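What follows is a short report on a single structure.
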Amino acid sequence: MSAQRVTITYSGPIVFLSTDHWKQIQNSLVSQLPLRNLHWKSTSRNALRSIQELDVKLVPFEMLREDQAASQIPQSVLEKPLLHLYIFTCEDSEVYRTTVRKQLKEWHASVSTRKNQEWLIIHVVRPDQSVAQGRLFQMKTSVLDKVKADFNLDKKDRCVQLVWSAEKDNPAVWADTISKIKEGVLSSFDAALAQREEEVKRSEGQRQMPGWNFCTFFILKESVASSLEGMNLHEDALQQYYELESIFFQVLREKNLSWFGALITPMPTDDSSPLLSVTKKPYRDLILANTISVFDFRVYLLARQCILLSKIGDMEELCRKAASFLSTFSRTLRDVENTLPPFFIESWIYSSALSVVDQSDEWAKRLTLDKAALSAFNAAKGELLELARQQLDVLGIATGFLPNKPPFSLALPSTFDPADKDPKTKRGSMTITKTELLSSMEDQDTLYELYVNVTNRAIELYASAGRRKFALKLHGSLAALDIHRGRLVNALQTYTSLPAHYSPHGWTSMEAYMLNRALSIHEAAEKPKDREWIHVLLHFLRAYVDDGGKDLLLSEEDCKAYVEKLVAALKEAAQTLDNDTPFPDHPALSVSLVEPHAKLAESRDGALLQVVVNNRLPCDVPAEEVRLQLTGRENSQITFTAKVSSIAPGRTELTLFCPSSAMGTYALANTQISMPRLLFQWRHSKTPKQIKAGNMPTLVYIPKDARALDVRLKQPPLIELGTMSRIRVLLSTGRNEVATASVKLSAPSGIKFQYEDTQLIGEDTPAIRTDAQALTFLDLKAGQTVVAAVPHSDASAYAYMRINITVDYVTTTEPDITRTLRLSRVVATGLPVEINVQDFFRGTRLFTAFTLSTKTHQHVRVRSAQLLSDSETTGVRVKSCVGQKPGIVTLTPQQPGRFLFQMDSEKGTAREGLKLKITYRMLREEVESLIEIAVSEVVSEQLPLEPHRQDLTDKLIQALETNASWVELYGVTGELAVPGVTLTEDEFGAGLRQVMEKLNRKRSPTSFGEWRDIVIPVDVPQIHILASARLQILENPFSAEVEKAEKRTRPLYAGQPISALLTIKTSFHWAPPEDTRVQSYNMRYDIEDLTQDWLVSGRKRGDFVAKDGETFSTPVTLIALHHGELALPKVGVNALPLPGEHRMRSSVVPSCETYEVHGAEKVLVLPRGGRSTFVVNMGTNTSM
Amino acid sequence: MPPQLKLNAVAFVSPQNHPILIRTFAQGQDELKYHYIAHTSLDVIDERIAAALASKSTDCYLNLLYTMEDVAVYGYITPLKVKIIIALALTDSVVRDADVITIFRALHTAYRQAVANPFLKVNAPIDGYNDHATLLQAGNSKWRAFRKRVDDIGKAVGAVGSAT
């Protein structure tokens, strides 16, 4: 039933219709069609329907065939015209009245009786006439008014005037007329449709009554649908078909299908004809005749729906509907499969699906689909193609061209029985007619080609629809086909690439399946078991042990045996690899710690660590070694290993041994299980980000092995500045008899060690070997401690020196193990004290004061400070000025210590090589060693305390650190009262009490512990000229220095001149040896003018020539300015530059020091003397 | 007579598209088929989610995803984005959405009850606490209660279909 167009008839006076004028008008009218933008407000539908465009057929009224109305079959309401037009032109009302009116009456009589049809009278006038008619005060009524008066019987105005001429042909003049036409069309359509729908409703209501026929009802209802379709109301039309479909199912459930023919009466080409064609069979006639089969009926219904969907443009829905129809209806067909030609259903689905794809593509050409709709369309088409492909699976399995196993068998219906489907059995004479299927049933290559083609088309569509997972599945089936065809290389490639798509989201079951396929292909292809194979296998094992990985392994009955075989093959294959291949994070095996505390091996150096190896495979895994690596501070690494032969399934406890372990806390870095050439590795170290997220690294604690080989570094007990620094290396062998032990020191600060100049200290020194890199000790006994002093480059720039020690040692008991001990130690290199020197020259004597102060906040205990000189060579005799030794001086940051020495020297002899030797130690060291002594005393008395030894010491030191109140008492008395220790009641508390009692006893600090020495070379100071100035007050100007010894008798008065004598004695005693030949220097003296106290007259300043041991004297006169105890004026003496000698462009001034002999002298100045007599009037003598 | 629904397979998939549980009830059928169905359904579910986002729909029920030979695949997404996929045996009759939604609700409840088990998190790694799949896989071998619930639902679906 093809879509109907709306019909409109026209009529008019015969004379008029034969004119050219009419022809022009008709052309113009046709050019206005189709009608646009109709708005239909239906009485039975809520929403306003808009019709964009409506095609209209214009026919002459006379050509209408009247017999159509007689037909009993409900046709579309558009079969009949919806509107009748009468078009005339008449300018004169007289003419109208006489002739035209009569004709109109006739026409009107014939059209107005028709049901549900509208009519419209169009009066055509020329433009100039209409202007004339619009005049005011027109006496005569116009023709239009007359027409209106004659024919407008009800309220509706069915007359319209068309002002038209050939010259003025534009849409605007038609506007009125066209809108009237639209109105008429819609109104009559509405009435007709309402009537038809009423009929449908009535018929539907009678469904339960006997005699009701679904086919009749269908035709009736379909007429509504096709009417709506004719009006371009596709959605509404589709709705009718949906209603029909649901009524069909209702009827189907009521089993009321008596008026249908058989379910299917297969026609020869039913299986290969295009599904969506409504013309391939006379469906309506079949329906009318009640002979249509359900099959044909359903196909027809679907086709109608799809056509409407294509007009709406919903291509996705179209394809989906077709696909779901094909799958669902084929289920129904299966019930009667025995009556059908063999493979009828498969062929029908296959050709129908393909034809739907082609047909929808055809339809889609007219549409412009946006991106989303297009990809949905593609996806739906892909599904259709996949459906077609599945039919090929079924055919292939049935013909034996494809194996009956997954993935081909996935498409088989659940009731499939291959025996039923023997292609040789023929039911009846009919066969399927799809030629490509027929030929592919004969020839397997044709089938394969078809298979690949259809699959590739589907893949392409899925890919463009973004359905990756669907495409993957199809790729998998292609690969399966490749296997079957023996194209193993292709298949292998696909199967090895597919797992990567399934693994990221944990679809291990799929991954395992793919890998399993890949492995079996590999085997089947007899390819060498190379690195790639190993990779695939390991991936397979990974998926296998994951949850769900075993789900799909159907091809192997006994998984255990299969895996066992694989693992054995893996071992063999791995051995052929040419280098070690790491494989990270394989889940089949894992190594984990049992507890975080390592144990000591006790009998030898090294630590033991318990681990659990978990093997999740069902069989033994061959392995060589289990290895576990720990990282400690500063990236030091230690490795625990254990040799194994194989790892049994499940948990296995192993003890790993590390020969060279150092005490400390380590983080688990990585673990490894190795089989020949193949290393399973797991990383355990955490990135800072993970740690931040609360994912802490696993820690391992290794205890201290007191009896292991150990190396300590010490500052030497004697530091001699100015000589090569040496560091002491103490190597204690512990329990080991060491064959060789090579020690390497390295300092990050760049200090170099000179192993060649190593000195061994102590007795019984072992043999050593030195080279530029290391210091090697040979043949050490157990329990031996050797001390070596290794010189190194200057480190005085650093207060502390960090040194990394590496010891590689081999014991005599285990000569094949080289143990490596890595340690990092810090040695203080800076001196804890600071020394300042002050020199005072007095004639041939020199007083030197050393001020020692601590550099840090630590207290330093100084036992002695000595200034050493070899008097025979230096000619200097040193005497300490501190007569009684006060014992120990404690230097604190507040209180430095002073040490004064006196030196006598002989002139002219070499004065070098004086050394200051300070014996000291830090208070902390002293107290620590004191505690250790006390603790070991207690422990030796009470042996059970031995394990607590370190704890006791630590506890006391901690107590001392928290409170400084003991320092003062200890400094004075040597008694150490440990504050703030709470004693427990157990053995430990008792031990602690004893130690504290011991500490509380008085002890001389000199009696225990080690002292350190610093030797600092001190130069004897040199000076060219030593001048001693003296200002002497004389009795009178003439009494020369002869009287200087005499006691002054005359008092001094302020304001009176006082004679004085300045004497300057010069000595060249301390002159540098190279300058001893100089006989004299030019010098200048200067008496300071103390204007407050003294007036100086005479030569205040003067030059003189100084000679060794000679005295220069000059008289001056002083006047005291006020009375009191006054210090004498100061005298400065300076050397003048040496004449003629220049060094570095400046004159050379000999060094000179002056001391004032009179510096401490003071003189008493009395107020100026004199007597004044005052005569006082005693008053009048009254007796006189 | 209402259609008799037959539940062939159920799949639970985590928000990160990790499979949580795939159960098949059909006898003599390939598990691979339902694994494939569960996996491929994710593509369609993604399409539906995108469409739902565009239309601002918050419906959990994703309707019929596609039909495949003899099964009809339906999808459901929980508010926490766990995807539930069921495969019903295909029948040539109308399947009412209400029936399918009832099945989904029951499955969702089963999942919720299973996840509510506080002991699930005991062995779970800390960094994976948002992903349900790792949660469930951590206890997968001990995960019988959930399987049993799902199996019960599978049985019940068949029973209800035939009883009414």
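Listed values, structure above:
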item: Helices (runs of 4 or more DSSP H) contained in region A:939-1026 and holding at least 2 residues over 57 Å from the mean Cα position of the chain (by Cα); result: A:966-973, A:987-1000
item: Failed item in (1) farther than 25 Å from A:Gly230 by Cα; (2) within 60 Å of the chain's Cα centre (by Cα); (3) within 14 Å of chain B (Cβ to nearest Cβ), with A:Phe295 passing the rest; result: (2)
item: Residue in region A:1033-1047 that is more than 60 Å from the chain's Cα centre (by Cα) and modelled with pLDDT of 80 or more present; result: yes
item: Matching entry among B:Ile85, B:Ile103, B:Ile22 (being farther than 17 Å from A:Arg467 by Cβ, open to solvent by less than 50 Å² (accessible area, probe 1.4 Å), assigned to a strand (DSSP E or B) and not small (Gly, Ala, Ser)); result: B:Ile22
item: Unmet requirement for A:Pro504, which otherwise passes all of (1) open to solvent by less than 20 Å² (accessible area, probe 1.4 Å); (2) within 14 Å of chain B (Cβ to nearest Cβ); (3) not hydrophobic (A, V, I, L, M, F, W, C); result: (1)
item: Within region A:786-820, tally of residues that are open to solvent by 10 Å² or more (accessible area, probe 1.4 Å) and either of a type in the set (S, T, N, Q) or not in a strand (DSSP E or B) (or both); result: 16
item: Selection count, region B:68-106, where residues are free of Cβ contacts under 8 Å to residues at least 24 places away in the same chain and touching a strand residue (DSSP E or B) at 6+ places or on another chain (Cβ under 7 Å); result: 3
item: Region A:360-379, subset open to solvent by less than 50 Å² (accessible area, probe 1.4 Å) and within 13 Å of another protein chain (Cβ to nearest Cβ), residue nearest to A:Arg468 (Cα to Cα); result: A:Ala379
item: Qualifying position, being surrounded by 21 or more Cβ atoms within 10 Å (Cβ to Cβ), touching a residue at least 24 places away in the same chain (Cβ under 8 Å) and more than 48 Å from the chain's Cα centre (by Cα), among A:Ser347, A:Ser355; result: A:Ser347
item: Residue within region A:928-935 that is assigned to a strand (DSSP E or B), modelled with pLDDT of 80 or more and open to solvent by 10 Å² or more (accessible area, probe 1.4 Å) present; result: no
item: Subset tally (residues that are buried (at least 18 other Cβ atoms within 10 Å of the Cβ) and at pLDDT below 65) for region A:867-909; result: 2
item: Single unsatisfied condition, B:Asn17 versus (1) at pLDDT 80 or above; (2) within 9 Å of chain A (Cβ to nearest Cβ); (3) open to solvent by 10 Å² or more (accessible area, probe 1.4 Å); (4) farther than 26 Å from A:Gln390 by Cβ; result: (4)
item: Considering residues of region A:317-344 that are among the hydrophobic types (A, V, I, L, M, F, W, C) and outside any helix (DSSP H, G or I) only, the residue surrounded by the most Cβ atoms within 10 Å (Cβ to Cβ); result: A:Phe343
item: Among residues of region A:918-938, those that are touching a residue at least 40 places away in the same chain (Cβ under 8 Å) and within 14 Å of A:Leu999 (Cβ to Cβ), counted; result: 10
item: Residues that are closer than 20 Å to A:Met903 by Cβ and either of a type in the set (Gly, Ala, Ser) or assigned to a loop (DSSP other than H, G, I, E, B) (or both), drawn from region A:1055-1080; result: A:Ser1067, A:Phe1068, A:His1069, A:Trp1070, A:Ala1071, A:Pro1072, A:Thr1076
item: Of the criteria (1) at pLDDT below 85; (2) surrounded by fewer than 22 Cβ atoms within 10 Å (Cβ to Cβ); (3) more than 8 Å from chain A (Cβ to nearest Cβ); (4) within 30 Å of A:Thr332 (Cβ to Cβ), which one B:Gly28 fails; result: (3)
item: Options B:Asp46, B:Asp97; residue that is open to solvent by 50 Å² or more (accessible area, probe 1.4 Å) and within 12 Å of chain A (Cβ to nearest Cβ); result: B:Asp46
item: Failed criterion for B:Leu65 (all others in (1) closer than 28 Å to A:Arg517 by Cα; (2) more than 12 Å from the chain's Cα centre (by Cα); (3) buried (at least 22 other Cβ atoms within 10 Å of the Cβ); (4) more than 9 Å from chain A (Cβ to nearest Cβ) hold); result: (1)
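Conditions tested, residue by residue: (1) modelled with pLDDT under 75; (2) in contact with a Pro (Cβ under 9 Å, 6 or more places away or on another chain); (3) surrounded by 10 or more Cβ atoms within 10 Å (Cβ to Cβ).
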{"position": "A:Trp40", "(1), (2), (3)": "no, no, yes"}
{"position": "A:Leu48", "(1), (2), (3)": "no, no, no"}
{"position": "A:Phe61", "(1), (2), (3)": "no, yes, yes"}
{"position": "A:Gln68", "(1), (2), (3)": "yes, no, yes"}
{"position": "A:Gln72", "(1), (2), (3)": "yes, no, no"}
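The values are calculated or read from the model by the stated rules, or taken from the named source; none is laboratory data. What you see is a predicted model, and the numbers here were worked out from it, not measured in a lab. When we count neighbours, we look across all protein chains shown, and the Cβ atoms used for this are built from the backbone with ideal geometry, even at glycine. Calculation scope for accessible area: heavy atoms of the full protein, side chains included, ligands and nucleic acids excluded. Shrake-Rupley method; radii C 1.70, N 1.55, O 1.52, S 1.80 Å.
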